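Here's the structure, in structure tokens; my notes come after.
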Amino acid sequence: MLIDGKKIAAEIQTSIEKRVSEISARKPGLAFILVGENPASQSYVRSKKKACASTGIVSTLIELPASVAQSDLLKRIDELNRDPQIDGILVQLPLPTHIDEKAVTSAIDPKKDVDGFHPVNVGKMLLGEEGGFLPCTPHGIKVILERCKIPVEGKHVVIVGRSNIVGKPLAAILMQKKPHCNATVTVVHSQSENLEMLTRSADILVAAIGRPFFIKKEMVKPGAAVIDVGINRLPDGKIVGDVDFVNVSEVAGHITPVPGGIGPMTIAMLLQNTLWSYLKHG
């Protein structure tokens, strides 16, 4: 069964739009900081700004040259931290090599860290505490599993990829002692032995390794749910995932497409985090 992430994300955005339309005071505000002219980053920010506009969230874009000094970038973040009109701050990654991403992430006020990457929010996520922000992509995956009624409790989830953006936080979320979690989680990566044996043991297989068509049909247990987080651009310009979609869909019980799967969910969760920030601190 094909999981329509676009449709689920649209439903979430409609409920956000309804909630925002009921606010008579100032609307929630989200600030984007875009450093340099990376075409992929520009495209992502455009999509996010468009989604903000469709839900009534006010978005601000601060564009800085690739040569910007780290101290100047941190100064802009500090200004946004103190700006009462701004409920969420998103610095689009990756950043130029002369800028320390950790320093930038840590400079954002945890209460406005709608990307969920500040050490305080990462710590809350790991401890299973309420009140923090979850990173948008892993949170979107959890919501998709929930909405599609794919059982997670007690199931074996195998995550291919150990990034700080998807692999590690998703493992932390799905192993929590909470509803729609309680999974047995295995994280595999480029150094894992017996990779195919591990992926074939998964009830839910998440591909987040950044290699086109990496997950083949023989790596998937028949009936498993396959979540494809990969966004890879082929030489001909086509966007594909980490999963060999055509062949894997023959054996998978559920599968997300690329595009139209996890991407729209990531944006929906960003908007939801911004609304939550507004309702909590605005």
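The values are calculated or read from the model by the stated rules, or taken from the named source; none is laboratory data. Everything quoted here is computed from the prediction, not taken from an experiment. Neighbour counts run over all protein chains shown; Cβ positions are idealised from the backbone, glycine included. Each accessible area value is taken on the protein alone, full model and side chains, heavy atoms only, with ligands, DNA and RNA left out. Shrake-Rupley method; radii C 1.70, N 1.55, O 1.52, S 1.80 Å.
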Buried (at least 19 other Cβ atoms within 10 Å of the Cβ), β-branched (Val, Ile, Thr) and part of a loop (DSSP other than H, G, I, E, B): which single residue out of Ile159, Ile141, Ile209 fits that description? Ile209
Could you tell me which of the residues Asn164, Asn182 is within 28 Å of Tyr44 (Cβ to Cβ) and either part of a loop (DSSP other than H, G, I, E, B) or open to solvent by 20 Å² or more (accessible area, probe 1.4 Å) (or both)? Asn164
If we keep just the residues of segment 144-156 that are within 17 Å of Asp228 (Cα to Cα) and free of Cβ contacts under 8 Å to residues at least 60 places away in the same chain, which is most open to solvent (accessible area, probe 1.4 Å)? Glu146
For residues that are assigned to a loop (DSSP other than H, G, I, E, B) and open to solvent by 70 Å² or more (accessible area, probe 1.4 Å), scanning just segment 97-112, find the one that is nearest to Leu279 (Cα to Cα). Asp100
Being open to solvent by less than 10 Å² (accessible area, probe 1.4 Å), under 16 Å from Ser277 (Cα atoms) and in a strand (DSSP E or B) is the requirement here; does Leu34 meet it? no
Going through segment 113-133 one residue at a time, which ones are open to solvent by 50 Å² or more (accessible area, probe 1.4 Å) and aliphatic (A, V, I, L, M)? Val120, Val122, Leu126, Leu127
In segment 5-21, is there at least one residue being in a loop (DSSP other than H, G, I, E, B), in contact (Cβ under 8 Å) with a residue 12 or more places away in the chain and either aromatic (Phe, Trp, Tyr) or surrounded by 14 or more Cβ atoms within 10 Å (Cβ to Cβ) (or both)? no
All-but-one check, Val166 against (1) in contact with a helix residue (DSSP H, G or I) (Cβ under 6 Å, 6 or more places away or on another chain); (2) more than 26 Å from Pro39 (Cα to Cα), failing number (2)
Inside segment 212-231, can you point out the residues that are of a type outside the set (Val, Ile, Thr) and either modelled with pLDDT under 95 or part of a strand (DSSP E or B) (or both)? Ala225, Asp228
Test result for Ser277, buried (at least 16 other Cβ atoms within 10 Å of the Cβ) and in contact with a Pro (Cβ under 8 Å, 6 or more places away or on another chain): yes
Might you let me know whether segment 141-163 holds any residue that is of a type in the set (Gly, Ala, Ser) and closer than 25 Å to Ile77 by Cα? yes
Does segment 254-276 hold any residues that are in contact with a Leu (Cβ under 9 Å, 6 or more places away or on another chain), farther than 12 Å from Ile3 by Cβ and among the hydroxyl-bearing types (Ser, Thr, Tyr), and which are they? Thr274
In segment 22-31, residue least open to solvent (accessible area, probe 1.4 Å) [restricted to those that are more than 19 Å from Val114 (Cβ to Cβ) and not charged (D, E, K, R)]: Ala25
Can you tell me which of (1) over 14 Å from Gly5 (Cβ atoms); (2) among the hydrophobic types (A, V, I, L, M, F, W, C); (3) in a helix (DSSP H, G or I) is the one Val251 doesn't meet? (3)
Across segment 250-268, what is the total count of residues that are open to solvent by 30 Å² or more (accessible area, probe 1.4 Å) and within 11 Å of Ile227 (Cα to Cα)? 2
When segment 49-66 is examined, which residues are found to be farther than 18 Å from Ile23 by Cα and open to solvent by 30 Å² or more (accessible area, probe 1.4 Å)? Lys49, Lys50, Thr60, Leu61, Glu63, Pro65, Ala66
In segment 232-247, how many residues are farther than 24 Å from Val152 by Cβ and in a loop (DSSP other than H, G, I, E, B)? 6
